[in-house]
Amino acid sequence: MKAPGNTRILVWDLPTRWFHWLLAASFAGAWLTGDSERFRDIHVILGYTMLGLIAFRLLWGFIGTRYARFADFAYSPASVMRYAKSLLSRQPEHYIGHNPAGAAAIFLLLALGIASGISGWLAYNEIGGDW
């Protein structure tokens, strides 16, 4: 990404890039193997991989590089709404790194990934009955 004045700014570090691609691949693989008893072990391994990747990302969100840290993109709900309004006005606010809507999506994605992994683990271990 280039900032004003053609200054080059490196935003996404290598660990964050690897996390993104490995999480997407793990999710896709788990989704593809989710209905097959034949591929159950692969599905479980991919689920554990997703949980491990999310654990890494949570840690990296506190100790990682500047743009990978949660503190860099922890926006208030008011900021998210203001950004959404700027999109509708066709003059969006610009951010280096994550914009407020993207940041909200990241936190939701991490929470849903954790919930999905825990519910999968519970189902695999037959905890919780048929609910």
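The values are calculated or read from the model by the stated rules, or taken from the named source; none is laboratory data. Here the structure is a predicted model, which is why all the values come from computation and not from measurement. With ideal geometry, Cβ positions are generated from the backbone for all residues, glycine too; neighbour counts draw on all protein chains shown. SASA here: full protein model, heavy atoms, side chains in, ligands and nucleic acids out. Shrake-Rupley method; radii C 1.70, N 1.55, O 1.52, S 1.80 Å.
General observations
- Scanning segment 93-131 for residues that are open to solvent by less than 70 Å² (accessible area, probe 1.4 Å), part of a helix (DSSP H, G or I), in contact with a helix residue (DSSP H, G or I) (Cβ under 7 Å, 6 or more places away or on another chain) and over 22 Å from F70 (Cα atoms) yields one hit, G120.
- Breaking point among (1) in contact with a Gly (Cβ under 9 Å, 6 or more places away or on another chain); (2) open to solvent by 40 Å² or more (accessible area, probe 1.4 Å); (3) among the hydrophobic types (A, V, I, L, M, F, W, C); (4) modelled with pLDDT under 95, for L10: (1)
- Residue that is surrounded by the fewest Cβ atoms within 10 Å (Cβ to Cβ) [pool: residues in segment 37-83 that are outside any loop (DSSP other than H, G, I, E, B) and of a type in the set (V, I, T)]: I63
- Looking only at segment 71-109, and only at residues there that are polar (S, T, N, Q) and either in contact with a Pro (Cβ under 9 Å, 6 or more places away or on another chain) or touching a residue at least 24 places away in the same chain (Cβ under 8 Å) (or both), the one that is nearest to H20 (Cα to Cα): N99
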